[in-house]
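Encoded as structure tokens, the structure appears first; notes follow it.
The values are calculated or read from the model by the stated rules, or taken from the named source; none is laboratory data. Just so you know, these numbers come straight off a predicted model, no measurement behind them. Reconstructed Cβ throughout: ideal geometry from the backbone, glycine too, with neighbour counts over all protein chains shown.
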Amino acid sequence: MPAVKPQQLVVLGATGTIGRNTLDLVRRHPQRLQALALTANRDVDALAALCVEFRPRYAALADAGAAQALRARLANEAGLRTEVRAGAAALAELAAHADADQVMSAIVGAVGLLPTLAAVRAGKRVLIANKEPLVMAGRLLMQEAARSGALIIPIDSEHNAIFQCLPPDSRCGRAPSHVQRLILTASGGPFRETPLEALADVTPEQAVRHPNWVMGRKISVDSATMMNKGLELIEASVLYDLPDARLEVVIHPESAIHSLVEYVDGSMLAQLGQADMRVPIAHALAWPERWESGVGGLDLAALGRFRFEPADPRRFPCLALARAALRGGGDLPNILNAANEIAVQAFLEGRLSYPGIAEVIETTLSDAAGRSAPPAADMEAIVAVDAWARARAAEAAGA
């Protein structure tokens, strides 16, 4: 039997948590996967080390100065012929590269939108790990996927769990008609049981200590406020074309059940697994096959029990704000996302209190009256809305 050519993989955000977990799968399956291109923002040391190990054809840094430093660093590596590129345009070009089979979109923040869209327009298998592209421009992404034939597979553990619980011939873009509800689970974060009056004194160091997952600082704060779950509601609506009324969030502290699908006959399917991102990444890279991920199964007896509880709107006002943006539609999800990024950054820098995150978002959404319909229909307009929301949120945060 002839050898199977390895799939050529572009990893956008290779130095982050998702990127490193993706490359662990490349390390485990060198006969199936090969790094075509690795990108990062400006972390020269981390990207250089990855280039030496995985020897991609291309590397790119968003920051031009960092790219120059990477070129100098790699020039000293014997036999390494990695071509270094720089700038946002380079990220988009590599995402759409003719030789790319799969693209992992794991760049945190709105900067990941353009390369993700480029990969979708080029008809790639696009593994979306960052929330922002779907929240900012989800309808546009799904339209472009339908036109190009791109296959979108979500990497968020919740949306990937839903993907796994849907019929095998399902694709992102529309849920089958016999799906009644999608149920997203949430850990509840580090402040699930913190007295409400103590939330005003929460520090960034406390907020980034997630009880179950190891994640970056921004997404860890989103988990604490449950804005991550609000953004995931919007993503689920886009990915599976379902309204707010057919999407539910429940707190599940054990983080063993990653999401559930309820069918019209009353059946409910759940996907369970360890709190390890290599599981959804391996699923998406291998689909429709299954590959070893390096993660063991659950010890159900050791877990003992599964708990479920509703999300308290007083504790998690960001979740209610996200639902309101989803119901309002139009540009409101884009505005919500931008305001949240600004507010979380202000909190992490010590310029805003923890409750102030929700206050800044609410103020920005309130000032967005008249932007609920119709949504911005092209990238220029989407980026303009994002810029307006960031400026307004910065003002509300006291910048």
Restricting attention to segment 131-145, does a residue exist that is in contact with a strand residue (DSSP E or B) (Cβ under 9 Å, 6 or more places away or on another chain) and surrounded by fewer than 20 Cβ atoms within 10 Å (Cβ to Cβ)? no
Here is a check on your reading of the model: is ALA200 in contact (Cβ under 8 Å) with a residue 40 or more places away in the chain, under 22 Å from ALA339 (Cα atoms), hydrophobic (A, V, I, L, M, F, W, C) and surrounded by fewer than 16 Cβ atoms within 10 Å (Cβ to Cβ)? yes
Has segment 276-291 got any residue that is closer than 30 Å to ALA377 by Cβ, crowded, with 22+ Cβ neighbours inside 10 Å and either acidic (Asp, Glu) or over 16 Å from the mean Cα position of the chain (by Cα) (or both)? no
For segment 335-348, does any single residue satisfy the condition of being closer than 20 Å to GLN206 by Cα and at pLDDT below 95? yes
With the condition being over 24 Å from GLU83 (Cα atoms), I'd like the strands (runs of 3 or more DSSP E) fully within segment 94-182 carrying at least 1 qualifying residues. 125-128, 151-154
Do any residues in segment 382-399 that are touching a residue at least 60 places away in the same chain (Cβ under 8 Å) have Cβ atoms under 7 Å from those of residues that are buried (at least 17 other Cβ atoms within 10 Å of the Cβ), where the two are at least six apart or on different chains, and which pairs are they? ILE382/MET136; ILE382/ALA137; ILE382/ASN334; ILE382/ALA376; ASP386/ALA110; ASP386/MET136; ASP386/ASN334; ASP386/ALA338
Just give me the residues in segment 246-269 being farther than 17 Å from HIS178 by Cβ and out of contact with any helix residue (DSSP H, G or I) (no Cβ under 7 Å at 6 or more places or on another chain), in sequence order. GLU248, VAL250, ILE251, HIS252, PRO253, SER255, ILE257
Sort out which residues of segment 285-344 are closer than 21 Å to ALA129 by Cα and not in a helix (DSSP H, G or I), and write them in order of number. TRP287, PRO288, GLU289, ARG290, TRP291, GLU292, SER293, GLY294, VAL295
Cross-chain or 6+ apart pairs with Cβ under 6 Å, segment 59-87 first and closer than 23 Å to ALA100 by Cα, then assigned to a loop (DSSP other than H, G, I, E, B) and of a type in the set (S, T, N, Q): ALA59/THR82; ALA62/ASN41; LEU74/THR82
Any residue in segment 43-53 that is among the aliphatic types (A, V, I, L, M) and within 30 Å of GLU144 (Cβ to Cβ)? yes
Would it be correct to say that GLU158 is touching a Lys or Arg at 6+ places or on another chain (Cβ under 6 Å), in contact (Cβ under 8 Å) with a residue 12 or more places away in the chain and not β-branched (Val, Ile, Thr)? no
What pairs come up if the first residue lies in segment 336-357 and is farther than 16 Å from ALA324 by Cβ, the second is hydroxyl-bearing (Ser, Thr, Tyr), and their beta carbons are under 7 Å apart, counting only those six or more places apart or on different chains? PHE347/TYR354
